[in-house]
Each structure stands twice: as C-alpha cells, then as structure tokens.
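Accompanying notes for the structure given below.
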Amino acid sequence: MNNFKNLRGTVDLLPDQLIKWQNVEKIIIEQLFRASVKEIRTPILEMTELFMRGIGEGTDVVSKEMYTFLDRGERSCTLRPEGTASVVRALIQNGVSSKPSQKLWYMGPMFRYERPQAGRQRQFHQLGVEFVGYESARSDIEIITLAWDILEKLGIKELNLEINTLGDQNDRSNFQKAFLKWLEVNKNSLDLDSQKRIDKNPLRILDTKNVQTKKILEDSPKLVDFLSEKSLERYLTIKDKLKLLKIPFIENFNLVRGLDYYTHTAFEITSGLLGSQATVCGGGRYDNLISQMGGTETPAIGFAIGLERLILLSGKDLEESRETDIYIVNKGLNAETMAMDLSRKLRNYDLKTELDLSGASFSKQFKKANKLKSKSIIVIGDDEALKNEFIIRLFNQENFENMEETISVDDVTKLDNWLDKNLLLKRS
RNA sequence: GCGGGCGUCGCCAAGUGGUUAAGGCAGUGGCUUGUGGCGCCGCUAUUCGGGGGUUCGAAUCCCCUCGCUCGCCCCA
C-alpha cells in the first residue's frame, strides 16, 4: 500500500459526517446573528512573530506546537494555532481606535503540532467570539452566557462552567512574588513537571493534574487574596450576576489557562463525556493584549469553542439529512433532454430533487429511488417525451400502490397543485 | 517528546504453524431490456500495514519499521 494518505492529525470529513457539521454550524451562526455578533475572516497564515508576541513565547502553544515554515521569500510563516491574535492584528491594522466597540465571531481551522488523541487533532476547528472595546463586568457575563446558550441550543447536557479571576497585571505580579517565595520553600515536594515550571511559567503550576502537588498547593497563597478592591469587586459582580441569570458555575482558583494574554476573568466549559480532553470552550478577558500588540489601549474579552469536541457532544438528531423529494427516472434520448430541463425547473422550488444520470434500465432507476427513500418520483421515457408529458407518482415505502398522475410539461399549474398537495404542504 | 493497546476486502470481522484466507454488510451483474420493497443465483483480498528472518510450510513465531488508537504533557 503506497497510496497517498492524509497527514497525521488531519481528517477527511465525508458527506455523511458533514450533515451534522452543517446543522451545528447553522444553529451557531443563527444564534450569533440574533445576538448581533458579526463575522470576521482573517488569513489562516500569519507571520510567526504575531503569535510569538500575541500568545507568549513561554507558552506550550508557541514553544512546541506551531506549524512554522519559511516561505519562498524566507519569511517565517505560521499556520494559526488560535484566532485571537489574528483578529487583534486585523483590528489594529484596520484602525480599531476609530471604530466603536464591536462584537465579532470567526470559525475555521486551527493548527497545532501535537500527538493526536480523542478530541484532539493537529488541524481542528474553532468557533471564536471576541467582544472588543468592552470593559464592563456585564460584557464578561454576556460573553459567558453567549457561550453557554450556544451549547444549550445544541442540546448539549452535562456541562460544567468553571470560572476564575486572574486579576490585573498588578494583582498578578504581587501574587506571583508571594507564590514564588512559597514555591522556593516547597520546591522539593512538587512533582518534576511543576518544578520545571517554576522558572518558565509558575502560574501554570496551579492547574497541575498531579494529585500530590494538588494537595500541597492547598496551602499555597491564593490569587484572590491579592486582588485589588476593584478587581475583587468586579469578580464578585460576575458571580452574582451569573447566579441571578441561573447559570450554574463552579469557582476554580486553579484555572489559569495556557495563553499569556488573559487578565481578570478566565473561564472554561468542560464535559465529562469527552474523555481526557474535556474542555469544549475556553475563554477570558485580555485587556492588555491589544496595546501590547501596538494598538491603542482597548479592553476585550472572548472565548473559543472546539468544534470537533462540540460535534462529539451533539445529539444524533443533528445527523439526519433531508430526504429526497423527487427522484427523476429517465431513459431514452428525448426523455433525457426533457428530464434535464424539468429538473432545472424543479430547482426553483424548495425541494430536494435528484436527476438519474445513469442511463440504466427503468428497473434499476426505480431501485435507486427506493433506496434513497425518495418521497416521490417522476418518470420520463420516450413515450412520455413524445407526448411532451411526464408521470409523477408518490413513492412512499408503506403504500406500494401509489397514485400517479400524468402532467404536460407546460402545465405549470397542475404541477404546482400536485406538489402542494403531496409534498410542499405535507412538510409544514 | 514519553508510555499502553491494535493493524486480515470500502466497513464489521473468523482464522493463533499445514497451504483453495470463513462469514456478514455495502457494492455490482443477472433472474425481471418501461417500472420499486422481499427472495434467489453470480462477481468482488494470488493475500493478511510494510520489510527482513525462522521453517519443508507463516496471517499465525522472532526482529525492524510504518500507521492507527488511547493516555501523559498541554489545550479547543
């Protein structure tokens, strides 16, 4: 077998699977539209520097997971590992300060070079939403509820919302000092991975999965205790409002998330049904990112939903495709021309039609129509073509002796009536 | 990058040293050239992910390699 194969960690989505994808995407996009969130599309490819600066060089994503290569002009390019940096770049480039606040969404492929496993691929898809220019605690709540409602609209159950606050830069550096002191003292009790992180990214030690380290961390300084009054108040408001809106959440002081740009609110939505990669949605506030990247000081908050994981969680009801309404059986030279003509006309209706192109025997074409569970068929042979008419027949599975009718090609009214009576009306 | 499990047809599989590699689904041709569910009869892997070795004999045993998969790390 030396046939070509797809690259590791990439997948082909075949027609049957795409039915579910399309249904899920449709529900999401409609929901975003109703919330007046507008779409933005940015290139999949960006200069490497954008992600190094935006996401942070110390992060795992940047230090070991990027698809980076030199183009023919020797420029270092990277396939985007996430969407926020690109959106921010696009906004700065197009003059964010001159525009009012905006609510944006994007959807598309992202790339991270990791070992694939359940719910993780090298090319995967994200839906992202970014509220740019919004500073109030209410925008945090709005973002969280938006994510929550999308998941609910898709009928996904058994979700856990976890929230935390990382404070502002000042809060965080105060905490970090205290935390580092504590880490020095307790260094030897930590697991090896965590020890390595002390220099590289101490905050991340907080969300270790190592059971022992977790236990020891219970006695470590807590970030909440280092929050300024303003930061704390903001955090309390968010918790209160979530309660009022009846969105269940758990506080997780160890939730720090892997990207450097977060401030204040950080949140994650997980599902126990996903295996070890449990996060469906992750997000948070990034008030400093835009200015860090050269824009004017602009607060912002956003989240990203992993579409593959979303698809795994979505119900079977979204997998069903619409049935064929009319299958057009045709054979013979004149008949074939007439069938093509008729099939084009039928596309002016809200119908799903299929024109048989096989030229096979009538018997075969009927079998095909039956296999497709077509609701009705049109039959055109040379006999009909000669008289400029066609036979249309209901074709459901239970009733075998279906009524059929002969209609002249020019008799639009009669066709309309038949479709109304037998197909169009039935659906509503 | 590191562990565990697994690779027999498009899919699901039986076979665990004896040479014609079961079976089912799907596909396809026919019974039935203009008429559909069911049924019946054909066809569909010179080969068991690939390479090497052991043996009279290998899908079956050994070595290497590739791939898939689950987990660690981290994330969506």
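The values are calculated or read from the model by the stated rules, or taken from the named source; none is laboratory data. For clarity, every value in this text was computed on a predicted model and none was experimentally measured. Here the Cβ is made from the backbone with ideal geometry for all residues, glycine too, and neighbour counts use every protein chain on show. Accessible surface areas use protein heavy atoms only, side chains included; no ligands, DNA or RNA. Shrake-Rupley method; radii C 1.70, N 1.55, O 1.52, S 1.80 Å.
Values computed for the structure shown
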quantity: Subset tally (residues that are within 24 Å of A:Pro15 (Cα to Cα) and away from RNA strand B (no atom under 12 Å from the Cβ)) for segment A:325-339; calculated: 3
quantity: Pick from segment A:203-227, criterion of a type in the set (D, E, K, R) and surrounded by fewer than 17 Cβ atoms within 10 Å (Cβ to Cβ), ranking: nearest to A:Val185 (Cα to Cα); calculated: A:Asp219
quantity: Filter result for A:Lys331 (farther than 25 Å from A:Asn23 by Cβ, surrounded by 13 or more Cβ atoms within 10 Å (Cβ to Cβ) and in contact with a Ser or Thr (Cβ under 9 Å, 6 or more places away or on another chain)); calculated: yes
quantity: Complete set of residues in segment A:377-388 that are of a type in the set (Asp, Glu) and surrounded by 18 or more Cβ atoms within 10 Å (Cβ to Cβ); calculated: A:Glu384
quantity: Residues of segment A:117-152 that turn out to be closer than 27 Å to A:Ser276 by Cα and open to solvent by 50 Å² or more (accessible area, probe 1.4 Å), as a count; calculated: 6
quantity: Segment A:16-38: number of residues that are over 21 Å from A:Leu312 (Cα atoms) and of a type in the set (Phe, Trp, Tyr); calculated: 1
quantity: Residue in segment A:249-262 that is nearest to RNA strand B (Cβ to nearest atom), counting only those that are open to solvent by 30 Å² or more (accessible area, probe 1.4 Å) and touching a strand residue (DSSP E or B) at 6+ places or on another chain (Cβ under 7 Å); calculated: A:Arg257
quantity: The lone exception for A:Lys103 - which of (1) assigned to a strand (DSSP E or B); (2) open to solvent by 20 Å² or more (accessible area, probe 1.4 Å); (3) within 13 Å of RNA strand B (Cβ to nearest atom); (4) of a type outside the set (S, T, N, Q) it fails; calculated: (3)
quantity: Where A:Asp199 falls short, out of the listed (1) open to solvent by 30 Å² or more (accessible area, probe 1.4 Å); (2) assigned by TED's automatic domain parsing to the domain that holds A:Tyr286; (3) out of contact with any Gly (no Cβ under 6 Å at 6 or more places or on another chain); (4) more than 13 Å from RNA strand B (Cβ to nearest atom); calculated: (2)
quantity: Index of the failed condition, A:Thr265 passing every other in (1) assigned to a strand (DSSP E or B); (2) under 27 Å from A:Lys20 (Cα atoms); (3) more than 12 Å from RNA strand B (Cβ to nearest atom); calculated: (2)
quantity: Residues being charged (D, E, K, R) and touching a Ser or Thr at 6+ places or on another chain (Cβ under 8 Å) - total across segment A:245-293; calculated: 4
quantity: Considering residues of segment A:44-81 that are in a strand (DSSP E or B) and in contact with a helix residue (DSSP H, G or I) (Cβ under 7 Å, 6 or more places away or on another chain) only, the residue surrounded by the fewest Cβ atoms within 10 Å (Cβ to Cβ); calculated: A:Ser76
quantity: Evaluation of A:Thr279 against (1) open to solvent by 20 Å² or more (accessible area, probe 1.4 Å); (2) within 18 Å of the chain's Cα centre (by Cα); (3) in contact (Cβ under 8 Å) with a residue 60 or more places away in the chain (one fails), failing number; calculated: (3)
quantity: Candidates A:Leu342, A:Leu274, A:Leu346, filtered to the one that is in contact with a Leu (Cβ under 9 Å, 6 or more places away or on another chain) and near RNA strand B (Cβ under 9 Å from one of its atoms); calculated: A:Leu274
quantity: Cross-chain or 6+ apart pairs with Cβ under 9 Å, segment A:45-74 first and charged (D, E, K, R), then part of a helix (DSSP H, G or I); calculated: A:Glu46/A:Ala85; A:Glu46/A:Ser86; A:Glu46/A:Arg89; A:Arg53/A:Ala85; A:Arg53/A:Gln292; A:Glu57/A:Ser63; A:Asp60/A:Arg204
quantity: Looking only at segment A:401-424, and only at residues there that are touching a residue at least 12 places away in the same chain (Cβ under 8 Å) and under 40 Å from the mean Cα position of the chain (by Cα), the one that is surrounded by the fewest Cβ atoms within 10 Å (Cβ to Cβ); calculated: A:Leu424
quantity: Helices (runs of 4 or more DSSP H) contained in segment A:126-241 and holding at least 1 residues touching a residue at least 40 places away in the same chain (Cβ under 8 Å) and not charged (D, E, K, R); calculated: A:137-153, A:169-186
quantity: Search result, residues across segment A:164-186 that are open to solvent by less than 10 Å² (accessible area, probe 1.4 Å), in contact with a helix residue (DSSP H, G or I) (Cβ under 7 Å, 6 or more places away or on another chain) and either among the aromatic types (Phe, Trp, Tyr) or within 28 Å of A:Glu135 (Cβ to Cβ) (or both); calculated: A:Thr165, A:Leu166, A:Gly167, A:Asp171, A:Phe175, A:Phe179
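Conditions (1) in a helix (DSSP H, G or I); (2) outside the structural domain of A:Phe395 (by TED's automatic domain parsing); (3) surrounded by 12 or more Cβ atoms within 10 Å (Cβ to Cβ); (4) not basic (Lys, Arg), marked per residue:
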{"site": "A:Glu336", "(1), (2), (3), (4)": "yes, no, yes, yes"}
{"site": "A:Arg344", "(1), (2), (3), (4)": "yes, no, no, no"}
{"site": "A:Asn348", "(1), (2), (3), (4)": "no, no, no, yes"}
{"site": "A:Leu351", "(1), (2), (3), (4)": "no, no, yes, yes"}
{"site": "A:Glu354", "(1), (2), (3), (4)": "no, no, yes, yes"}
{"site": "A:Ala360", "(1), (2), (3), (4)": "no, no, yes, yes"}
{"site": "A:Phe366", "(1), (2), (3), (4)": "yes, no, yes, yes"}
{"site": "A:Ala369", "(1), (2), (3), (4)": "yes, no, yes, yes"}
